[in-house]
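This report concerns only the one structure given below.
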Amino acid sequence: MTAQNLPGRPHIAYRGDTLYIENVRLADLARAHGTPLFVYSKSAMLGALAAYQRGFAGRKAQICYAMKANSSLAILQLFARAGCGFDIVSGGELERVLAAGGEPGKIIFSGVGKTRAEMRQALETGIGCFNVESEAELDVLDEVARAMGKRAPVSIRVNPNVDAKTHPYISTGLKGNKFGIAHERTLATYQRAAALPGLQVVGIDCHIGSQITQESPYLDAMDRVLDLVDAIEAAGIRLHHIDFGGGLGIDYNGDTPPAADALWARLLAKLDARGYGDRQLMIEPGRSLVGNAGVCLTEVLYLKPGEQKNFCIVDAAMNDLPRPAMYEAYHQIVPLSVRAGNTSIWDLVGPICESGDWLGRDRALNLQPGDVLAVLSAGAYCMSMASNYNTRGRAAEVLVDGDQVHMIRQRESAADTFRHEKLL
């Protein structure tokens, strides 16, 4: 039977008129586990990681998965077994990494609001590095480390004022963003950090945003960061590693981000030309490793034609897939079984009592109640941002490996959602 792959997603294909992920019919998964249901392809995640590994072949480099993209334990376990470290932004994420078998020394702690308790927790665990995001944080981390009789390994996150040309909510490298130290303050901040006895300066960090689909912002940011490395090391402060963050985008709807190995060939050529090709490198990809590996399955509940809009009401909602409501993000939506006949234009909306509860607008589909649809590119920033709004339990998750199916998260019941609450 001829397979018709979906563009940019070789792990998802129609065989005849039926949609498969790897060697498993998605309709079988919907029947077995119900909907909404997140389904992930193991081969897609490892294939995305392999592109980075090819790009860094022969280099001193550590890939740290930015787990905020998808923090499900089995996915963390998969990347830990593949040799990844982890980029975390909370004490809870630290506990998840350790529960999944991640190595403490390969953990980078980012984020603008680390608490003293989180700092102590990370120091006790023996993480690899703190990415420090403000001068005030330097002082607090120094105090916490000295009180514990330790020195905290630090890298300072630089804000290079480079436009990542992405959605304003996920742009992080401009002067108006809350992240990092201003480019102009970087050298003075490094001199201050080097003078604090509870800190050990080990690197420099830069992350300019997410869902970046062009090479030029990365090349511009690298030049600005390497200019700073020149100045910092000229001042006598040696940097063990250079961390270029993550943010590489994926194909949601005809987007054309560079392949990870091709991007890094360009970046490494620049690094070599600047004389830093032998330096330890750190990167923190997230979305590009998991985004296109996942789909969300959802059942059509009702069709509601109208004068101005035709609404298709499905059982997945903004609590399951928050990206459209938060960013007006586009996800392709396709049927699990292709049906002959004319299509109509539908807005796909969920059952939550908010007008912002929509998954897709103006989609041409041939629909009937009871159909199951696949929302594509749902592997990143969907389950990790899911909520229990309207007392809706979070969806189940399964991981597909060839023809094997692994349940990696059970569906939450209503009782699960209020398990920790108390009556008066």
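Points to keep in mind about this one:
- Share antiparallel - DSSP beta bridges, the chain, percent rounded to 5: 50 percent
- P(r) tail fraction, the range 285-395 - alpha-carbon pairs more than 17 Å apart, %: 51 percent
- Cβ-Cβ FRET estimate between Ala99 and Lys309, R0 fixed at 56 Å, reported to 0.05: 0.80
- Mean shadow area of the range 43-289, taken as a quarter of the surface of its Cα convex hull (nm²): 12.3 nm²
- DSSP bridge pairs, the range 43-289: antiparallel proportion in percent, nearest 5: 5 percent
- Cα centroids of the range 246-269 and the range 275-346: 20 Å apart.
- Unit charges at the beta carbon, dipole of the chain: most positive-side option, Gly34, His420, Gly16: His420
- 222 nm mean residue ellipticity, helices alone, for the chain (DSSP H n ≥ 4; -39,500 (n - 2.57); rounded to 500): -8000 deg cm²/dmol
Bear in mind that the values in this text are calculations on the coordinates, not laboratory data. Keep in mind it's a predicted model, so treat the numbers as computed, not measured. Methodologically, a virtual Cβ is constructed for each residue, glycine included, from the backbone with ideal geometry; neighbour enumeration extends over all protein chains shown.
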